[in-house]
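Asker: What follows is a structure written as structure tokens; I'll ask about it next.
The values are calculated or read from the model by the stated rules, or taken from the named source; none is laboratory data. Note that the structure is a prediction, hence the values are computed from the model and not measured. Cβ atoms come from the backbone with ideal geometry, glycine included; neighbour counts cover every protein chain shown. Accessible surface areas use protein heavy atoms only, side chains included; no ligands, DNA or RNA. Shrake-Rupley method; radii C 1.70, N 1.55, O 1.52, S 1.80 Å.
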Amino acid sequence: MTKAQIWGWVRLAGGAALLGVLVWRLGSGPFLDGIRGVDATALGTAFGLGVVTTVACAYRWALVARALGVTLPLREAVGAYYRAQFLNTTLPGGVVGDVHRAVRHGKDIGDVALGVRAVVVERMAGFVVTIALSVVTLAVFPSPVRRHMPLAVAALAVVALVAYLAKGRLRLRTGLASPGTGIGVVITTAVVLGGHLVTFLVAARTAGATAPLRLLAPLTLLALLAMALPCNIAGWGPREGVAAWAFGAAGLTSAQGVSTAVVFGVLALVASLPGAVVLVLRWADARRAAEKPVMLEHDLRESGVRRQPEYSHG
């Protein structure tokens, strides 16, 4: 077994262990209550917000790709991003869709390395901006981690300085030096974060949380950030664990935090369902393309026409 395979199993085991601890401490009630609480209004809202966030993500990817010298039409980017989100939401690890998106785009442009770089830069840039916006939000609104925000701001500044110096020394080409690209990444990431935050707030209300939004917003933001932790099962595990802790630390109940996270998981799956349609359509196209030479050969035989032999000259 390779190191990558071992690490993959460790990540899955970590997510499963977190879910197991929650069930052991809180029982299965919060999980079942969260699933039962989902209604058509929440599903419709999540689907609509999913369209907005997916288009924003796809546009961010297209911006980064263009800055690296690759043309990526927005329509193709949206379809590929939907497919990636569906795979991330349904398969263990939470990154399979992005890997597929990177490799597939690289093959389409004839340069897998460049395709992978565009996706890596897009994801990392989005992650950095998300962290920065989250730190500012958590510093403004009351939350269990507010007193630690000055240290977080200092750490973020150090990381930014190190990244800038490393980029200059290694001459890494990210395409983000252009003001238009950088501003576009910030704006699209803010739209994505806002859409996810509203979806989580819808999940909280659906789960029965009646606390004011100024209290719920930072709690849901902490749960969203937890989804970036590598030890998860298609996003499940850290999200529920952090939601349980944050809601409990804020004076609410841990069970309500788990129910909110479970509802969000269901809403996220529904929002990603267009990706399943994209997968089916692409599979059908690939199958037709593979069958076309066979059908042509069959038609030639049926008509009694033989292929002319090919001769080489020289």
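Asker: Rank by packing, highest mean first: peptides 45-55, 204-214, with packing defined as the count of other Cβ atoms within 10 Å averaged across residues. It would help to have the intermediate numbers written out before the result.
Answerer: Details: 45-55: 18.6, 204-214: 16.6.
Top to bottom by mean Cβ count within 10 Å: 45-55, 204-214.
Asker: Arranged from highest to lowest average of other beta-carbon atoms within 10 Å per residue, in what order do the peptides 254-263, 179-188 appear? Intermediate values should be presented prior to the final figure.
Answerer: On the way: 254-263: 27.9, 179-188: 16.5.
Top of the packing list down: 254-263, 179-188.
Asker: Ignoring ligands, DNA and RNA, please state the percent of accessible area on region 68-139 from carbon and sulfur, probe 1.4 Å. Don't skip to the answer; put the middle values down first.
Answerer: On the way: 2210 of 3310 Å².
After summing per-atom areas, the C and S share lands at 67 percent.
Asker: So, one more: Share of region 220-270's accessible area from carbon and sulfur, percent, 1.4 Å? Let's see the in-between values first.
Answerer: Working: 1040 of 1410 Å².
Percent of accessible area from carbon and sulfur atoms in region 220-270: 74.
Asker: Would you mind working out the accessible area per residue for region 189-298, using a 1.4 Å probe, and quoting it in Å²? Don't skip to the end; give the middle numbers.
Answerer: Working: 4600 Å² over 110 residues.
Ligands and nucleic acids excluded, the result is 42 Å² per residue.
Asker: Next question. Evaluate the distance, in nm, between pseudo-label points positioned 7 Å from the Cα of ILE109 and of VAL21 along their respective Cα→Cβ axes.
Answerer: Distance between the two pseudo-spin positions: 4.1 nm.
Asker: Also, quick follow-up: How much net charge surrounds GLY79 when only the other residues with a Cβ under 13 Å from the Cβ of GLY79 are counted, with Lys and Arg +1 and Asp and Glu -1? Provide the component values of the computation, followed by the final result.
Answerer: Numbers: positive: ARG75, ARG83, ARG101, ARG104, ARG282; negative: GLU76, ASP108, ASP285.
Value of the local net charge: +2.
Asker: Moving to a separate point now. With a 1.4 Å probe and all protein chains left in place, how much accessible area per residue does region 82-121 have, in Å²?
Answerer: Ligands and nucleic acids excluded, the figure is 44 Å² per residue.
Asker: Compute the distance in nm between two label points, each set 7 Å from the Cα along the Cα-to-Cβ direction, one at VAL120 and one at ASP39.
Answerer: 4.7
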